[in-house]
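Report on the structure given below.
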């Protein structure tokens with residue numbers, strides 16, 4: 001084992017804790033993004049890498065005091081994990097099917113195979129997950145080893161500050177549209193310094209090279225890996241390894257080009273007619289709003305039909321930039337077009353200009369997830385009742401709204417969207433099926449609009465096939481558009497059960513079978529589970545208020561760390577000793593968070609909803625941070641307590657999936673149960689200690 005002299009040669013203990021925490025946070029974010037683009041099944045379980053990181057850190061922190069040299073294996077383990085990720089195409093792992101028909105997600109539910117294939121896919125998935133866990137076991141070990149060497153609250157401050165700097169570093173890399181080599185280098189470099197072993201630098205070089213190899217000409221945005229392929233009509237974009245959109249040349253000149261075969265000419269005419277449909281239904285053509293504008297096919301259609309002002313909204317600035325540069329008709333070069341980089345829902349809430357003659361949803365279908373902490377997709381809040389109502393409010397009195405959507409998943413998703421639109425607007429939409437990318441178009445018009453119904457008659461009608469009472473529509477509390485009704489999520493349950501089984505088996509080994517009863521900290525375990533649920537709810541609710549953009553998410557995560565750091569510094573400064581009064585504030589603030597409907601705040605100005613929304617979510621985090629620091633300061637084994645807290649986060653991460661059935665607000669009540677459990681355990685321990693003292697007298 002390293003002695004004190006060896007530790008001191010590596011620099012101040014606080015600096016080493018901060019460096020390890022920086023690396024852990026940056027590596028966690030890097031692997032979350034990299035795994036979901038290299039092996040698509042990880043996108044179906046978007047927060048599973050986060051859960052694996054928490055599990056590994058919890059075990060590593062607990063092991064660190066007894067096995068201080070584990071840090072030297074971080075980079076070799078990362079190198080081993082990087083091999084299947086980098087070579088995922090050659091190994092046939094990119095679109096490895098995972099059988100769960102409960103959620104419609106990029107075709108992943110269309111599993112064809114028997115029990116043997118099911119078992120093999122599950123085994124590969126679990127092995128990759130274990131690889132993630134192993135990396136963070138080794139990465140968490142130096143935290144556990146170094147934590148006891150300085151006062152617990154000083155060590156925790158260094159841990160939080162390092163994590164905050166890790167978020168800032170990855171945010172900077174995201175801003176620069178950096179790819180896997182940069183992400184991995186930022187996350188892995190601190191461990192090369194902490195390890196000081198010869199094997200670490202070659203392993204680091206290997207990891208970065210494998211990250212570079214995996215790029216293969218792709219470009220990266222804050223949300224997506226984007227692959228560009230030339231096709232006959234222009235370019236095709238693959239986003240996160242799945243088809244996303246074409247850049248079509250549907251100009252008059254191209255359609256009249258005699259070099260096209262008969263079938264090609266028919267296909268081009270059909271595509272143009274579908275794209276033109278939302279913009280030729282109404283004679284009033286002053287202004288148009290297009291959300292999910294992408295590279296510009298819908299924008300060009302609006303320009304073809306004489307709209308004098310076209311707002312084109314897309315969340316991904318890189319995709320707009322590619323459309324500006326590569327689209328054959330150059331729609332973004334037209335001065336009538338106003339490109340806006342924003343989340344569609346956020347634009348609806350923030351726009352204060354005149355209404356539009358048409359509000360058109362392009363094929364707004366995200367191939368990225370909302371956040372590493374949630375099972376939401378990036379577009380979930382756009383298609384809720386409240387989201388569609390926000391769009392409807394921007395339709396002029398002679399205008400109309402169209403939503404084009406792929407109904408490939410089946411009647412259930414078509415009916416869900418139909419009745420959600422009806423609930424949002426107060427009128428049933430006219431729906432037609434045109435078939436482009438399995439798409440249907442839903443139309444809702446104001447009473448003053450003069451709609452060309454003859455044009456709609458060119459396509460077969462697509463009315464709802466189920467009654468309203470039989471359809472669960474989407475809301476801001478239950479925004480899970482892609483969750484299939486009446487199907488048990490067997491795949492999710494099996495994977496999450498495997499995660500929990502792994503945690504149950506590994507925890508006694510990490511803490512030591514004899515020490516697990518004395519060193520494992522149930523109070524901080526409960527606090528960890530509750531905190532992750534509260535954090536998840538905070539991320540989703542604040543993103544709803546300010547937009548689901550990467551900048552907002554980065555700011556929220558950074559703000560959470562700042563709040564916890566401030567709570568820890570307050571405990572250090574004022575020597576808070578009793579957690580009891582803080583528990584009162586915590587439980588009341590959690591109840592308040594549950595009681596207030598975040599979506600209702602959208603009716604107020606940006607500043608009002610910002611202050612109220614931030615306060616609602618900050619209060620539980622602040623109170624919980626103070627309570628955590630009080631317990632950490634009085635712990636006999638701070639490393640084990642921190643490890644217990646991280647393992648609690650694993651439980652909270654698994655339970656987050658219950659929101660897909662119960663809704664997002666239910667997470668707050670579940671967190672309340674965990675906080676009450678922590679309070680009861682504390683009271684039990686206090687009463688036991690008082691009883692022992694009385695017996696001694």
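Here, each number is a calculation from the coordinates, and none is a lab measurement. Everything numeric here is computed off the predicted structure, so don't read it as measured data. Cβ: placed from backbone, ideal geometry, glycine included. Neighbour counts: every protein chain shown.
Counting only the backbone N, which residues of segment 426-440 are under 16 Å from the spot 7 Å out from the Cα of residue 266 toward its beta-carbon?
What the label zone holds, given the 16 Å backbone N cut-off, is 435-436.
What distance in nm separates the two pseudo spin-label positions at residue 455 and residue 597, each 7 Å out from Cα along the beta-carbon direction?
Placing both labels 7 Å along Cα→Cβ, they lie 3.6 nm apart.
Summing -39500 (n - 2.57) over the DSSP H runs of n ≥ 4 in the chain and dividing by its residue number, what mean residue ellipticity at 222 nm do you reach, to the nearest 500 deg cm²/dmol? Provide the component values of the computation, followed by the final result.
Values: 26 runs with 404 residues, N = 697.
When only DSSP H runs of four or more count, the value is -19000 deg cm²/dmol.
Hey, rough spin-label estimate for residue 676 and residue 213, points 7 angstrom out along Cα→Cβ, what's it come to in nanometres?
5.4
Using per-residue counts of other Cβ atoms within 10 Å, averaged over each peptide, order 177-188, 673-684 from highest down.
177-188, 673-684
If you wrap a convex hull around the C-alpha atoms of segment 373-462 and split its volume per residue, what is the figure in Å³?
Residue-normalised Cα hull volume stands at 102 Å³.
Going by alpha carbons, how many degrees (0 to 90, nearest 10) lie between the helix axis of 262-280 and the longest principal axis of the chain?
Compared with the principal axis, the helix lies near 80 degrees.
Show me the ranking of peptides 476-488, 349-361 by mean Cβ neighbours inside 10 Å, starting with the highest. Provide the component values of the computation, followed by the final result.
Working: 476-488: 18.0, 349-361: 19.8.
By packing density, highest mean first, the sequence is 349-361, 476-488.
Name the shape class, rounded, prolate or oblate, that the alpha-carbon gyration tensor gives for segment 521-684, where a ≥ b ≥ c are the square roots of its eigenvalues, rounded holds for a/c under 1.5, and otherwise prolate holds if a/b is larger than b/c and oblate otherwise.
Note, shape of segment 521-684 comes out prolate.
Give the peptides 270-277, 71-78, 90-97 in descending order of average Cβ contacts within 10 Å, highest first.
71-78, 270-277, 90-97
If you work out P(r) over Cα pairs in 20 Å bins from 0, in percent from the coordinates, which of (i) 14, 37, 39, 10, 0; (ii) 17, 49, 28, 6, 0, 0; (iii) 15, 43, 32, 10, 0 do you get?
Computing P(r) over Cα pairs in 20 Å bins from 0, in percent and matching it to (i) 14, 37, 39, 10, 0; (ii) 17, 49, 28, 6, 0, 0; (iii) 15, 43, 32, 10, 0 gives (ii).
For a test of the definition: using alpha carbon positions, the gyration tensor, and the 1.5 limit on a/c, classify segment 468-550 as rounded, prolate or oblate.
Oblate.
Between residue 427 and residue 89, what is the label-point separation in nm under the 7 Å Cα-to-beta-carbon projection?
Placing both labels 7 Å beyond Cα along the Cβ direction yields 4.9 nm.
What is segment 600-662 by shape, rounded, prolate or oblate, if you read a ≥ b ≥ c off the alpha carbon gyration tensor as root eigenvalues and call it rounded for a/c under 1.5, prolate for a/b larger than b/c, and oblate otherwise?
On the way: a/c = 5.09, a/b = 1.63, b/c = 3.13.
Because a/c hits 1.5 or more and a/b fails to exceed b/c, segment 600-662 counts as oblate.
Which FRET efficiency value, to the nearest 0.05, is calculated for residue 501 and residue 683 with the Förster distance at 45 angstrom and r the Cβ-Cβ distance? Don't skip to the end; give the middle numbers.
Values: r = 31 Å, r/R0 = 0.69.
With a Förster radius of 45 Å, E is 0.90.
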